[in-house]
Amino acid sequence: MTLLSNALLGLALAPLTLLAQDRYMTRTGHVDFHSSTPIEDIHADNDKAVSVWDAGTGALEISMLIKAFTFKKALMQEHFNENYMESGKFPKSNFKGSIKGVTAAQLAVAGTYPVTVEGQITIHGVEKPVKAGGTITVDGKGGIRADSQFKVKPADHDIKIPGAVRDNIAESIQITVRFDYTKMP
Amino acid sequence: MKRRNIFLIIALVVLGGAAFGLKECFRGHTGVDGMDAVHAVDAPALLAEFMADDAAARAKYVGSAEQAIQVNGVIAAIEAGNDSIPANVRLETGDPMASVACEFAPADLPAAWKAGDRVSVKGICQGYTGDGMLPGDVVLQRCIEAEQ
């Protein structure tokens with residue numbers, strides 16, 4: 001009876017085990033944004049994005065705290081949080097979608113694979129579709145790195161820029177993503 | 001003479017305003033060492049509060065104006081930083097998929113700290129990174145060692 005119970009339990013858990021084998025995560029994902037105009041460059045970094053990627057299905061989820069973006073200038077960071085991103089009201093930004101162009105089997109072979117990332121990005125509480133190119137790099141020692149760059153328009157996410165500083169902030173902001181994934185236990 | 005004084009006063013006000021504006025524009029972040037911790041909490045309890053009610057925990061620990069909190073806990077891991085990436089001290093929470101992640105400027109990270117040490121950290125709490133089914137961490141930035 002015990003053997004039968006164990007066998008049934010094993011069968012029941014098998015799909016979960018298989019699922020976990022292809023899942024990768026990071027809790028120190030790097031996301032930065034850069035705005036460049038003739039008047040000034042604005043740059044901020046966030047090294048605390050979390051992400052889970054299921055290489056079997058391609059499903060990808062990312063979440064980050066808006067307040068975790070750091071600027072060199074304190075005043076810029078305050079304006080970013082209070083006036084533009086309203087981080088008290090919209091504390092997180094997230095992405096739900098998928099990575100296409102690489103299979104779980106390819107992750108066993110070192111190399112750089114071009115991929116397409118596609119899904120819905122939520123910034124300032126406004127969800128928009130996004131599609132970007134990127135790469136998955138397998139280093140052969142179990143390390144998997146994902147890189148991507150894409151542009152976001154503040155206006156698309158209902159982020160209002162006051163007229164006085166409109167020329168200081170680019171119409172399209174360059175977003176750079178770099179995630180070093182490790183296999184989930 | 002009277003007109004000259006008025007011009008002088010206007011010039012001083014304009015110069016003073018410009019100096020204040022420039023200083024404000026290039027102002028760096030306030031050092032946490034000069035801030036009193038408004039809350040002191042153990043790492044597992046801090047995570048538990050965010051998991052139970054994210055909005056309430058944000059109101060308490062993140063607040064509407066920048067504030068420092070003190071977190072006490074046992075170091076699970078230390079991830080070294082460099083010139084562009086801050087060092088990261090992870091405090092145990094009892095959940096292997098979550099920690100209190102404390103960002104230190106590499107120069108502020110006590111050299112003697114190692115995994116297993118019981119420490120106290122003072123920093124700016126920015127919230128919990130997890131979302132729905134995504135696991136995450138409670139993030140503290142600009143951290144320094146606090147007195148236990």
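The values are calculated or read from the model by the stated rules, or taken from the named source; none is laboratory data. Remember, it's a predicted structure, so these values are computed and weren't measured experimentally. Every residue, glycine as well, gets a Cβ built from its backbone with ideal geometry; the counts of neighbours run over all protein chains shown.
Which residue, of A:60, A:65, is in contact (Cβ under 8 Å) with a residue 24 or more places away in the chain, hydrophobic (A, V, I, L, M, F, W, C) and within 10 Å of chain B (Cβ to nearest Cβ)?
Exactly one of A:60, A:65 is in contact (Cβ under 8 Å) with a residue 24 or more places away in the chain, hydrophobic (A, V, I, L, M, F, W, C) and within 10 Å of chain B (Cβ to nearest Cβ), namely A:65.
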Q | One residue from B:45, B:112, B:57, B:40 being modelled with pLDDT of 95 or more and exposed (fewer than 10 other Cβ atoms within 10 Å of the Cβ) | A | B:112
Q) Only one residue in B:101, B:59, B:107, B:68 is within 15 Å of residue B:45 (Cα to Cα) and either of a type outside the set (Ser, Thr, Tyr) or at the interface with chain A (Cβ under 9 Å from one of its Cβ atoms) (or both). Which one? A) B:101
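Give me a count of the residues in the range B:110-148 that are within 13 Å of chain A (Cβ to nearest Cβ) and of a type in the set (Phe, Trp, Tyr).
1
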